[in-house]
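Written below as structure tokens is the structure these notes are about.
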Amino acid sequence: MSGYFEVKKAANGQFMFNLKAANNKVVLTSETYSSRAAAETGIASVKKNATSDKNFERKTASNGSPFFVLKSQDNGKVIGKSELYSSSSAAAKGIAAVVSAAKGARTVEV
């Protein structure tokens, strides 16, 4: 079983998605979108942009924990954000999980 995108309504009535790996762990969380169609466009952007390492920006949270964001190569906007990791190597494994999970991922609605 490969990864999948889980689309759901956020508390504010907007839509968002999580990219989950084959083990059902969330590896990327989107921003919120005004419609399901806009969230679907975001999903297509993840599939397109997760193929290139240059679209992943490695960052450090204020508490020192590494994380990453996936940006669109077209407009530079953030498409999704990872969780906080315990080390840079764990964040690198997270990026690899996004790359792997996004390939051919199906979409499910919650």
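Structure above, values below:
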{"read-out": "Restricting segment 60-77 to residues that are of a type in the set (D, E, K, R) and loosely packed, with under 14 Cβ neighbours inside 10 Å, the residue that is nearest to residue 28 (Cα to Cα)", "value": "77"}
{"read-out": "Cβ pairs under 6 Å, 6+ apart, first in segment 81-106 and in contact (Cβ under 8 Å) with a residue 60 or more places away in the chain and over 11 Å from residue 59 (Cα atoms), second assigned to a helix (DSSP H, G or I) and β-branched (Val, Ile, Thr)", "value": "102/46"}
{"read-out": "Scan of segment 30-59 for residues that are in a strand (DSSP E or B), within 13 Å of the chain's Cα centre (by Cα) and not aromatic (Phe, Trp, Tyr), ordered by number", "value": "30, 57"}
{"read-out": "Within segment 24-51, considering residues that are polar (S, T, N, Q), closer than 11 Å to residue 79 by Cα and touching a residue at least 24 places away in the same chain (Cβ under 8 Å), the one surrounded by the fewest Cβ atoms within 10 Å (Cβ to Cβ)", "value": "29"}
{"read-out": "Filter result (on the phi < 0 side of the Ramachandran plot and outside any strand (DSSP E or B)) within segment 2-21", "value": "2, 3, 10, 11, 12, 14, 21"}
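Values in this text are rule-based calculations from the coordinates and carry no lab data. This structure is a prediction, so every number in the text was calculated from the model and none was measured. Reconstructed Cβ throughout: ideal geometry from the backbone, glycine too, with neighbour counts over all protein chains shown.
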